[in-house]
Structure formats: C-alpha cells, structure tokens
Amino acid sequence: MTALTLPRVTQRRWLFWLAAFTLAGCTTTQYQSSGSRPSGQTVTTGTARPATQAKPRQVDLQPLAKRAAASIVKRSAGLGLAVKPTLYVDMLRNGTGRQQDTAKITATLHKELARSGRFKLIPLEKNAAYQQSLDYQQSEGAMNPSTAVQLGRQTGADLILYGTVSRVQKSNTYQLTTHLMELKSGELLFSDKQSLRK
C-alpha cells in the first residue's frame, strides 16, 4: 500500500488553511488581574457567539407625574389666573435616551390635574389632532410664543403645559421638567422640575 504524498509546498499550504479555519471559530478573552490567573493571560474559549444586548426596561414614572401635577396645582394657585382656566396638556417629550412611554406619563399628569379641579382640561383625544396641525418649534424646553398664541386660538385654551422627561445617568434619577405658558400673550408663567430616583 502506497501513501499519498504531496509536494512540501502543498502540504504547508494545506496545514496553513487548516489552522486558519480552526482558529477562525475561536475567540480570545483578555483577563485583567483576577485571583487565580496572572495579569494579562489570554485564554481561548471555543466558538464566537454574537453578543446580545439586554433591552433596558421601561421605568414606571407615574409617581413622578403625580408629584409634578401636585406642584403645578400649588404653584398656579398664586398666579391670579381665571377661576378655572382651560388647560391644554401637550404630549411630554422623551429626553431619556431610552424607550419610555411618554403617552402613559402624560395621561397620568392629565388625570391628576383634572382630579384637582383647578383647571378645565382639553381632552387628550383632541391633542393628537392639534399636534398634527401645528409645527411646534421647541428647542431646549422652550416653545415659540407665536406658536403658543396660534395654539390658544385653535384650541380655545388659556394655558398650555408642556415638558420633557429626562434622565441623569450618574445618579439614575429621572426628571420631569414642565413649563406653564399663557397662550394669549405667550408669556411663560413658570417652570417646574420634579425628580425621582430609580
């Protein structure tokens, strides 16, 4: 029986490709200093798998909306407004950098403000139609006064409440910053900031 012999160059190429394919399925892990391994030791661990990122969970911010509503009612009482002004609650903006259900937070804020009896509120169902017909010019929490006056004429509201939900990463704190504006004049009556640590 004769053995199949290949030229030396072909054998080396074949061994090179075999080694390349074998190593392609392995990953290397660099360990920093841990108790049992010396610092900088490289360990090969089987085949590579794509890393899966866990989706960040949504945080329940309804308590934050309730706290903001209580503060808004208290602060608006000292402004000398009409007995029961009509309030338009704009959809809150999401500035958290994560997926967050701002519609739910807005609904809680709207419900708490209605429950207070301090304002006559425009129903949330109508807000979507108003938002589609107006081009809000918001930047850094400010609304263009001429846009606000236009909104007041269109909705019949005396006031607008708008704001942003944001997140401070270092302390894992969520903030709800709201602004109350008079729609007839476009004057910003006050801004309010509430925080909740999660």
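The values are calculated or read from the model by the stated rules, or taken from the named source; none is laboratory data. These figures come from a predicted structure and were not determined experimentally. For neighbour counting, all protein chains shown are included, and Cβ atoms are generated from backbone atoms with ideal geometry for every residue, glycine included.
For Lys74, indicate whether it is exposed (fewer than 14 other Cβ atoms within 10 Å of the Cβ) and modelled with pLDDT of 90 or more. Can you show your working first?
Details: exposed (fewer than 14 other Cβ atoms within 10 Å of the Cβ): yes; modelled with pLDDT of 90 or more: yes.
Answer is yes for this residue.
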Check on Arg115, at pLDDT 90 or above, charged (D, E, K, R), surrounded by fewer than 15 Cβ atoms within 10 Å (Cβ to Cβ) and in a helix (DSSP H, G or I):
yes
Could you go through region 124-137 and let me know if any residue there is modelled with pLDDT under 90 and closer than 17 Å to Leu189 by Cα.
no
Go through region 169-198 and give me each residue that's modelled with pLDDT under 90 and within 30 Å of Val59 (Cα to Cα).
Gln169, Lys170, Ser171, Asn172, Arg197, Lys198
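When the residues of region 77-109 are narrowed to those that are among the polar types (S, T, N, Q) and crowded, with 16+ Cβ neighbours inside 10 Å, which ends up farthest from Tyr174 (Cα to Cα)? Explain how you work it out, then say what you get.
As a first pass, look at region 77-109 and keep what is among the polar types (S, T, N, Q): 86, 94, 96, 99-100, 102, 106, 108.
If we keep only those that are crowded, with 16+ Cβ neighbours inside 10 Å too, we end up with 86, 94, 96, 100, 102, 106, 108.
Numbers: Thr86: 28, Asn94: 11, Thr96: 8, Gln100: 11, Thr102: 13, Thr106: 15, Thr108: 16 Å.
Filtering first and then ranking leaves Thr86.
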Tell me the residue from Ala82, Ala107, Ala70, Ala103 that is more than 11 Å from Thr178 (Cα to Cα) and either touching a Pro at 6+ places or on another chain (Cβ under 8 Å) or outside any helix (DSSP H, G or I) (or both), please.
Ala82
Those residues of region 176-191 that are crowded, with 19+ Cβ neighbours inside 10 Å and in a strand (DSSP E or B) come to a total of 7
Scan of region 159-174 for residues that are surrounded by 13 or more Cβ atoms within 10 Å (Cβ to Cβ) and part of a loop (DSSP other than H, G, I, E, B), ordered by number
none
